[in-house]
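Shown next, in structure tokens, is the structure this report addresses.
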Amino acid sequence: MKKPAALILAAASATLLTGATPPTNGQVSITITNLRSSEGVVRACMTTQPDVFPRCRKDAASHRTVVPAGKEVHLTFDNVKPGRYAVALLHDENDNGKADRALGMMPKEGFGFSRDAPVRMGPPKFDEAAFDYAGDAKVLTIRMRYML
């Protein structure tokens, strides 16, 4: 009897410590870690369309949000239908609505992808970041990364 109660208490404590609200069915909850500053905003998009990833603007059905930056950021996408999704994040430190680059190529601001998909000579492919969503409550953690 003590073991399950201890596990429930540990789970509740973790939720209280992080400030995240547990998601319910139809929600994808994302915790974003490793932000280098509280400046600006975090722009997030989640899409099922490989041809528009990581830029979701051309997908009218994509889930998008903008939240204030902080040491650790939590966001939730609501009314998510079952499917195969990928998430892309941008730490838009100057809140100018775009990913700033140095020398026309190198990202100056932070970025992150679901499944911590690797970044090589450009953003990851959809399949590298994609995860299956069955419609239940889903919790993801994405680490923000910086090149400069």
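The values are calculated or read from the model by the stated rules, or taken from the named source; none is laboratory data. This structure is a prediction, so every number in the text was calculated from the model and none was measured. All Cβ positions, glycine included, derive from the backbone under ideal geometry; neighbour counts span all protein chains shown.
Things to note:
- Of the residues making up region 83-98, one or more are assigned to a loop (DSSP other than H, G, I, E, B), among the charged types (D, E, K, R) and free of Cβ contacts under 8 Å to residues at least 12 places away in the same chain.
- Some residue of region 99-108 being touching a strand residue (DSSP E or B) at 6+ places or on another chain (Cβ under 9 Å), at pLDDT 95 or above and not in a loop (DSSP other than H, G, I, E, B): no
- Residues being at pLDDT 95 or above and loosely packed, with under 12 Cβ neighbours inside 10 Å - total across region 118-135: 2
- Listed by first and then second residue, the pairs linking a residue in region 35-48 that is farther than 10 Å from G70 by Cβ and surrounded by fewer than 21 Cβ atoms within 10 Å (Cβ to Cβ) to a residue that is modelled with pLDDT under 95 and among the basic types (K, R), with Cβ atoms under 8 Å apart and 6 or more places separating them unless they lie on different chains, form an empty list.
- Verdict on P4 being assigned to a loop (DSSP other than H, G, I, E, B), loosely packed, with under 15 Cβ neighbours inside 10 Å, of a type outside the set (K, R) and modelled with pLDDT under 95: no
- Entry remark, region 109-145: residues being assigned to a strand (DSSP E or B), out of contact with any Pro (no Cβ under 7 Å at 6 or more places or on another chain) and under 20 Å from T47 (Cα atoms) number 9 in total.
- Yes/no for R115 being surrounded by fewer than 19 Cβ atoms within 10 Å (Cβ to Cβ) and touching a helix residue (DSSP H, G or I) at 6+ places or on another chain (Cβ under 6 Å): yes
- Filter result for the condition that a residue is of a type outside the set (S, T, N, Q) and either assigned to a loop (DSSP other than H, G, I, E, B) or over 20 Å from R143 (Cβ atoms) (or both), over R64, R43: R64
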